[in-house]
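For reference, the structure discussed in these notes is given below.
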Amino acid sequence: MSLAMNLCFAFSETTKWWDYPGFELWKFVNLFIFVALLVYILVRKAKLGDAFRARRESIKAELEKARAERDAALAKLKEVEARLSGLDNQVATIKEKSKTEAAAERERIARSTEAEIAKLTAQGQRDIENAAKTAKKDLRRFTAEQSVRLAEDMIKQDIQLEDDARLIARNIDEMGVAR
């Protein structure tokens with residue numbers, strides 16, 4: 001066997017946990033060196049650190065913006081809750097105002113109705129008076145007509161033929177004089 005194998009064998013004889021199958025320590029050391037070298041190259045050479053810092057700063061800025069938006073939303077929520085709590089008072093005020101306005105409207109309607117009733121009553125009274133005047137006038141005319149008719153009937157009964165001839169002659173003489 002070669003010397004390297006002998007050393008490995010001798011070394012592994014003294015420390016058996018290093019030589020456990022699948023757990024060779026040199027694989028982990030090799031991996032650690034590779035990862036450290038990769039991180040060093042990425043951070044130093046590729047300016048990845050600046051990118052990470054910029055990303056971290058943008059995340060911080062977004063968090064601050066989110067906090068500010070949350071605070072604004074909470075303030076808006078408090079304002080809305082305050083408005084909602086005041087809404088009950090506003091509703092009560094509006095109900096009271098509408099009751100007052102309804103009572104005033106009922107009173108106005110009642111006054112208007114009374115005025116309309118008085119106006120219609122006065123108009124009805126005038127119509128009755130006019131109808132009474134018309135009826136009286138018609139009654140007078142009817143009475144006059146009836147009186148004239150009765151007088152004619154009485155005259156016709158009382159007038160004889162000679163009275164009729166005498167009246168005609170007098171009317172003719174009056175017409176002649178008038179010319």
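Observations on the structure shown:
- The conditions of being assigned to a helix (DSSP H, G or I) and exposed (fewer than 10 other Cβ atoms within 10 Å of the Cβ) are not met by K119.
Residue by residue, here is whether (1) aromatic (F, W, Y); (2) in a helix (DSSP H, G or I); (3) at pLDDT below 90 holds:
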| residue | (1), (2), (3) |
| --- | --- |
| P21 | no, no, yes |
| K27 | no, yes, yes |
| F34 | yes, yes, no |
| Y40 | yes, yes, yes |
| E64 | no, yes, no |
| A68 | no, yes, no |
| A72 | no, yes, no |
| V80 | no, yes, yes |
| V91 | no, yes, yes |
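- Counting residues in region 127-137 that are free of Cβ contacts under 8 Å to residues at least 40 places away in the same chain and not in a helix (DSSP H, G or I) gives zero.
Conditions (1) of a type in the set (S, T, N, Q); (2) surrounded by 10 or more Cβ atoms within 10 Å (Cβ to Cβ); (3) within 32 Å of the chain's Cα centre (by Cα), marked per residue:
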{"position": "A72", "(1), (2), (3)": "no, yes, yes"}
{"position": "E114", "(1), (2), (3)": "no, yes, no"}
{"position": "I159", "(1), (2), (3)": "no, yes, no"}
{"position": "V177", "(1), (2), (3)": "no, no, no"}
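- Subset of region 49-104 [under 30 Å from L38 (Cβ atoms) and among the basic types (K, R)]: R53, R55, R56, K60
The values are calculated or read from the model by the stated rules, or taken from the named source; none is laboratory data. Just so we're clear, the structure is a prediction, and the values are computed from it rather than from any experiment. Here Cβ is always computed from backbone atoms with ideal geometry, including for glycine, and neighbour counts include all displayed protein chains.
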